[in-house]
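Taking it in order: structure first as structure tokens, then the write-up.
The values are calculated or read from the model by the stated rules, or taken from the named source; none is laboratory data. Model, not experiment: these values are computed from the prediction. All Cβ positions, even for glycine, are placed from backbone atoms using ideal geometry, and neighbour counts span all protein chains on display.
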Amino acid sequence: MALNNYYYYDEQSCEFVPVEYNSLERVVYTACVWILCGVVLAGIGISILSFSVGTPAEIALKAENQELINQLKQTKTRINNLDQQVDQLAQTDNEMYRSVLGMDKISYDERQAGAGGADVYSEFDVYSQETSEILKWTAENLETLERSINIQQLSFKEIKKYYNKNQQKMKHIPAIKPTKGIILSGFGMRYHPVLKYRRQHDGLDFRADIGSKIFATGDGTVKHAGLKGTFGRLLIIDHGYGYESYYAHLSSFAKGIKPGTKVKRGDLVGFSGASGMVEGPHLHYEVHKGGKAIDPLNYLFADTTPEEYMMYKDIVENNHRSMD
């Protein structure tokens, strides 16, 4: 930018005389003008940026809010996982503990008591739609989860109280795994590996090498210990109260095991094998109540955690082939 000429009035000569600038003054003037213009333009740019994007403080606040939303989304995932675990506990509670003890099941509606109703989380409406929805969902589901846990705790207390009143009966119910091996196949229609067609499978097949230890699953009296048809070498224990347990395809019986022998839960009663009509060595285990075969999976509650129960249930639901 050029430096304009300025004049001053000289009284002695009675005329206007131009002001003369040296080179340094001209450089300083030009530099000042450019700096001033730069400051003005920068100010205008910052103003526009602040209006469209936000101030540094606002940008930091937006980033913080986004991080909080991300954390809430992660919390939502954790709540869903916890909710699934509580549902599994409730299912085990009904299908295993209450079913075996003869107690009434707790219905889904009872477990969800108090859920629903008016929008009690309307205070979150002041936030953005995304934030409001996440906060409402989190608050509502945490309340439901807390209620479900409280109901489950009360249920376990009720089960414990019932168990304490019926300890003598509980000693006789077949309530532990008969061997240490994992379950291979479950109760229901299964493909028979020898007969080559589907038929009713009245028990559980446990993995057991020849000679694996077999244990009595409840107190009782040996009813049968010998060969019996396709069962091969079979042990039957009468537990009283209408319960019997079957241990099939054994290689041999434990010392002293014969009809009339009294046994306690956990006593060694035999050794696994491959006698009878089988595909290979394993233990076939049945539970009968009132003369009818029932699903033994629901009676493995004394030494099985809810997590193990759900794992076994998944195995039997997905394996449609038996070992015998």
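Please state which one of ILE257, ILE237 is farther than 30 Å from LYS160 by Cα and β-branched (Val, Ile, Thr). Result: ILE257 is the single residue among ILE257, ILE237 that is farther than 30 Å from LYS160 by Cα and β-branched (Val, Ile, Thr). Can you say whether GLY218 is farther than 21 Å from LYS289 by Cα, of a type outside the set (Ser, Thr, Tyr), modelled with pLDDT of 95 or more and not in a helix (DSSP H, G or I), as far as the supplied structure shows? No; evaluated as a whole, the condition is false for this residue. Taken as a whole, the range 166-180 holds at least one residue that is in contact with a Pro (Cβ under 8 Å, 6 or more places away or on another chain), under 30 Å from ASP205 (Cα atoms), assigned to a loop (DSSP other than H, G, I, E, B) and not aromatic (Phe, Trp, Tyr).
Assess whether TYR9 counts as being at pLDDT below 75 and in contact with a strand residue (DSSP E or B) (Cβ under 8 Å, 6 or more places away or on another chain).
yes
Here GLU158, GLU133 are screened, and the one residue that is assigned to a helix (DSSP H, G or I) and farther than 27 Å from GLY218 by Cα is GLU133.
Residue-by-condition table, conditions (1) among the hydroxyl-bearing types (Ser, Thr, Tyr); (2) in contact with a Gly (Cβ under 8 Å, 6 or more places away or on another chain); (3) surrounded by fewer than 18 Cβ atoms within 10 Å (Cβ to Cβ); (4) assigned to a helix (DSSP H, G or I):
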site	(1), (2), (3), (4)
ILE214	no, yes, no, no
THR230	yes, yes, yes, yes
ALA248	no, yes, no, no
GLY266	no, no, yes, no
GLY276	no, yes, no, no
GLY280	no, no, yes, no
GLU317	no, yes, yes, yes
ASP324	no, yes, no, no
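Residues in the range 282-315 that are loosely packed, with under 14 Cβ neighbours inside 10 Å and either over 30 Å from the mean Cα position of the chain (by Cα) or of a type in the set (Lys, Arg) (or both): GLY290, GLY291, LYS292.
For every residue, the table says whether it meets (1) more than 30 Å from GLY260 (Cβ to Cβ); (2) out of contact with any strand residue (DSSP E or B) (no Cβ under 7 Å at 6 or more places or on another chain).
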{"site": "THR144", "(1), (2)": "yes, yes"}
{"site": "GLN152", "(1), (2)": "yes, yes"}
{"site": "SER155", "(1), (2)": "yes, yes"}
{"site": "TYR162", "(1), (2)": "yes, yes"}
{"site": "LYS180", "(1), (2)": "no, yes"}
{"site": "PHE187", "(1), (2)": "no, no"}
{"site": "TYR191", "(1), (2)": "yes, no"}
{"site": "PHE215", "(1), (2)": "no, no"}
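Tell me the residue from LEU268, LEU283, LEU250 that is over 29 Å from TYR97 (Cα atoms) and hydrophobic (A, V, I, L, M, F, W, C), please. Step by step, each of LEU268, LEU283, LEU250 is checked, and only LEU250 is over 29 Å from TYR97 (Cα atoms) and hydrophobic (A, V, I, L, M, F, W, C). Checked against the criterion of being charged (D, E, K, R) and more than 24 Å from TYR309 (Cα to Cα), the range 176-193 contains not a single residue that satisfies it.
A single entry from ASP125, ASP104, ASP109, ASP83 fulfils the requirement of being in a helix (DSSP H, G or I) and at pLDDT 80 or above: ASP83.
Here SER148 fulfils each of the conditions (1) of a type in the set (Gly, Ala, Ser); (2) under 15 Å from LEU297 (Cβ atoms); (3) in a helix (DSSP H, G or I) apart from (2). Per the listing ILE257, ILE214, ILE236, the residue uniquely under 36 Å from the mean Cα position of the chain (by Cα) and either farther than 21 Å from ARG321 by Cβ or without any contact (Cβ under 8 Å) to a residue 40 or more places away in the chain (or both) is ILE214.
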